[in-house]
Each structure stands twice: as structure tokens, then as C-alpha cells.
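Undergrad: Okay, here's the structure, questions in a sec.
Every number here is computed from the coordinates shown, using simple stated rules; none is lab data. Just so it is clear, the model here is predicted, and its values are computed rather than measured. Cβ placement follows ideal geometry from the backbone for every residue including glycine, while neighbour counts extend to all protein chains displayed.
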Amino acid sequence: MSEKLQKVLARVGLGSRRYMEEVIAAGRVSVNGQVAQVGERIEPGDELRIDGRKVQFQIEDEIRRRVLIYYKPEGEICSRNDPENRPTVFEQLPQIQGDRWVMVGRLDINSTGLLLFTNDGELANRLMHPSNEIEREYAVRVMGEVTPQLKNNMLKGVMLDDGPAKFESFTEIGGDGINRWFQVVVKEGRNREVRRIFESQGLKVSRLLRTRYGTVILPRELRTGRWMELDKNDIDNLTKSVELKPRQGTGLFGMAKRRNERMQEKPMAARRGGFLRQQRRDTEDEGSQQKPAFGRERERRENPNSYAQRQQDGNQGTYGQRERRQDGNQGAYGQRERRQDGNQGTYGQRERRDDSFGNRERRDENAPRKPFGTHKSFKKF
């Protein structure tokens with residue numbers, strides 16, 4: 001069983017198949033100590049090196065194609081290592097035995113939403129290549145008024161530093177005031193492309209959430225900072241969109257399948273509170289809305305008539321203050337009702353008994369004692 005060399009290198013995730021052909025033609029690849037040629041076939045037991053460094057590989061039929069979806073929170077970077085020791089998305093992924101995860105596309109450190117990972121480097125390259133025109137869908141919150149003219153400009157195309165860019169679709173989905181949410185679609189994955197298109201029209205993006213990549217949609221049950229593995233049907237639909245053949249053994253089995261079923265029934269909580277932080281910042285940015293009130297202040301705002309009536313009655317009913325009883329005793333915590341005989345009977349003060357310890361009748365020291373071991377529960381042998 002053998003496979004073309006450039007195809008193996010592309011699947012490992014070192015680059016596209018065409019780029020690997022250029023690397024091989026440059027004499028940088030060796031197989032079993034000999035300089036390789038473009039189109040050469042490689043077998044499982046061969047030693048493969050690029051620029052002298054050994055490369056671990058497997059033949060296609062031996063590898064189960066896997067795809068993960070990850071809900072990226074704010075504050076994580078799309079890199080394997082960071083010199084500033086910031087958290088990375090790869091730190092949150094499960095270990096994959098004898099293989100590695102390849103990231104499909106990127107998101108800014110301040111952006112959130114769907115990220116795809118796969119162990120098939122060729123699939124990742126095809127999904128990212130502009131020639132395949134794979135759609136990326138985003139939910140974007142924009143500060144500023146988006147007039148019909150500005151919307152039309154972004155749909156027709158604007159000129160950026162690295163060339164023209166445009167939105168394939170542009171739909172308003174909600175929001176109040178100057179902060180409104182829009183759903184946009186692009187077919188390229190250029191750096192900060194969505195933000196730069198809005199900035200070209202004098203608009204600022206305050207939130208950006210990727211909700212779809214190709215045929216994969218961010219599931220409702222997936223929470224911030226969590227990952228989920230795709231099953232066979234979803235992976236096959238994704239590979240068909242970039243004209244790759246389905247692979248045998250693809251899909252979820254055993255514990256992995258049960259994990260996904262449990263997540264759909266009972267979603268895991270969001271990690272690191274990313275969604276809560278986003279909600280809090282949304283509230284702060286609105287400015288026009290007041291913070292939620294609690295207790296009497298909230299009641300006074302929502303129902304002033306009821307609050308005023310309670311003030312007239314004199315029953316505040318606040319925490320720790322119980323309603324006064326008819327006999328004048330407040331009945332607060334820790335104060336028990338006095339008994340008719342004058343004893344308060346509070347905790348730790350019990351009524352004295354006549355037979356208390358030390359006042360019991362003394363036993364006659366000359367009286368015969370019971371023999372040891374004649375307890376009624378013991379049996380005689």
C-alpha cells in the first residue's frame with residue numbers, strides 16, 4: 001500500500017499539495033536517505049524527512065478523518081505557542097494519539113465563535129483556499145449608523161490595503177440605538193477582513209462572532225470555551241464541499257459518540273465566563289439602560305404603589321426583621337417565646353431536674369453487686 005509523496009505531506013498539514021510539489025522539486029525532501037522526486041510514492045515503513053527533520057506520517061487508508069468544532073472565547077489566540085504566555089486555543093483541545101490538530105482559519109484575540117480543527121491537513125488547506133469560495137458567516141455588532149448607502153457600498157465592494165473586498169450578504173438582526181447587530185457573509189479569510197470592511201465606511205465593530213464555516217453551523221448546545229467532535233455525515237458534507245472523497249472509518253464511535261449525545265441532552269457550562277463577560281460589557285456599552293436594582297429599590301421602581309402601601313402599613317418585611325406578633329414580641333431569630341412559668345427556655349438553658357447529676361440518691365455501698373458478665377443480653381455457655 002503506497003501513496004504519492006506530495007499528498008502525504010499536504011495531509012500532514014505542512015502546506016497545500018501544490019506547495020509541497022515545489023518543496024520536493026527544490027530537493028528539500030528525502031525518503032530513506034535519498035532525495036525525493038515529485039510524484040514519488042511512499043509506503044508506511046519509509047523514513048521521510050524535510051530539511052533534515054523527520055516527519056511522522058500515515059497512509060490515508062490507515063487514518064480516521066476527524067473534525068472538531070471549538071467555541072473560541074475572547075482572550076485566546078489562534079497559535080500553538082505564544083511568547084507572551086497568553087492562553088491559546090490549542091491548549092483546550094483533546095490529545096490526538098500519533099497525530100496533530102490543524103486549525104482551519106483564524107479569529108482575532110477579541111473575536112469569538114466557531115473554529116474548525118482537523119487531523120487532515122489537505123482538508124484544512126482546501127477549506128481555507130480562496131479559490132474554493134467557502135462561506136464564513138458572522139454576527140457583528142456595529143457602533144454607528146449603517147445607512148442604506150453604506151450597506152450598498154459594502155455589498156458592491158470596497159478597496160482595502162490588500163485589494164478589493166465585499167460582503168456576499170448583509171442582514172440586520174437586532175439591537176437598539178447606535179449599537180446594532182448584523183449578519184454578514186464573506187468568502188475569503190483575509191486578516192481582520194470583516195472589521196476592515198466596516199472601518200472603511202467609518203464604522204466600528206464592537207463584537208464579532210463567527211456562526212458558520214462552510215456547511216458547519218455553531219450548535220446551540222455548544223458553550224463558550226468548549227469543543228465538540230463532528231460525526232460522519234457532517235464530515236462527509238464538509239469534504240464534499242471541497243471535492244474530497246469520504247474516508248472509511250470516519251465518524252464517532254464508543255465513548256466519543258456517547259459524549260456528544262450527553263452534550264446535546266445536557267450542555268456543559270461555559271468555560272471562563274466568556275459569555276457572562278460579554279453580556280456585562282454589552283450592558284456597560286449601552287449606557288442608556290440603568291443597572292438592575294435589587295430589593296426595595298427594585299420594587300419601588302417597578303411598582304411604586306405597592307411600595308408606598310407597605311410603608312404606610314409599617315411592615316417592611318426586610319431580611320432579618322420578622323413580623324411583630326400580636327402580643328408585642330417580635331419573634332426575631334434566637335429569641336424564643338417566654339413560657340408561662342417565667343422560664344425563657346432559650347437554647348442552652350434547660351429546665352433543671354430534681355434528679356440532675358450529683359443530686360441522685362446514693363447507692364448502699366454494702367448492697368451485693370451483680371457479677372460481671374451477667375448482662376441480660378449475654379448468653380450463658
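Undergrad: Charges at C-beta only: +1 for Lys and Arg, -1 for Asp and Glu. How large is the resulting dipole of segment 12-152 about its Cα centre, in Debye rounded to 20?
TA: 140 debye
Undergrad: Going by average Cβ density within 10 Å per residue, which order do the peptides 24-32, 68-76 take, highest to lowest?
TA: Descending mean neighbour count gives 68-76, 24-32.
Undergrad: Near L155, within a Cβ-to-Cβ distance under 14 Å, what is the net charge of the other residues, with Lys and Arg +1 and Asp and Glu -1?
TA: Charge balance near L155 sits at +2.
Undergrad: Please report the net charge: other residues with Cβ closer than 11 Å to the Cβ of Q34, K and R +1, D and E -1.
TA: Local charge sum for Q34: -2.
Undergrad: For E168 and E22, calculate 0.36 nm times their separation in residues minus their Cα-Cα distance, and state this gained length in nm to one decimal.
TA: Value of the extension gain: 49.2 nm.
Undergrad: Let me ask another. Could I have the simple spin-label model distance between E135 and S200, label points 7 Å from Cα toward Cβ, reported in nm to one decimal?
TA: Placing both labels 7 Å beyond Cα along the Cβ direction yields 2.1 nm.
Undergrad: What percent of all Cα-Cα pairs in segment 20-68 falls in each 5 Å bin, counting up from 0?
TA: P(r) over segment 20-68, rounded to whole percents: 5, 20, 27, 24, 12, 10, 3, 0.
Undergrad: Filter K72/K240; K72/K156; K166/K240; K7/K245; K54/K245; K7/K54 down to the pairs with a C-alpha to C-alpha distance above 19 Å, please. Intermediate values should be presented prior to the final figure.
TA: Working: K72/K240 26 Å; K72/K156 30 Å; K166/K240 26 Å; K7/K245 13 Å; K54/K245 28 Å; K7/K54 17 Å.
Correct reply: K72/K240; K72/K156; K166/K240; K54/K245.
Undergrad: Relative contact order for segment 67-276 using alpha-carbon pairs under 8 Å, separation at least 6, rounded to a whole percent? Walk me through the numbers before you get to the answer.
TA: Numbers: 378 pairs, mean separation 50.0, N = 210.
Value for segment 67-276: 24 percent.
Undergrad: Between E243 and E43, what FRET efficiency comes out of the Förster formula 1/(1 + (r/R0)^6) with R0 = 41 Å and r the beta carbon distance, rounded to 0.05? Display every interim value, and only then the final one.
TA: Values: r = 26 Å, r/R0 = 0.64.
Taking R0 as 41 Å, the efficiency between E43 and E243 is 0.95.
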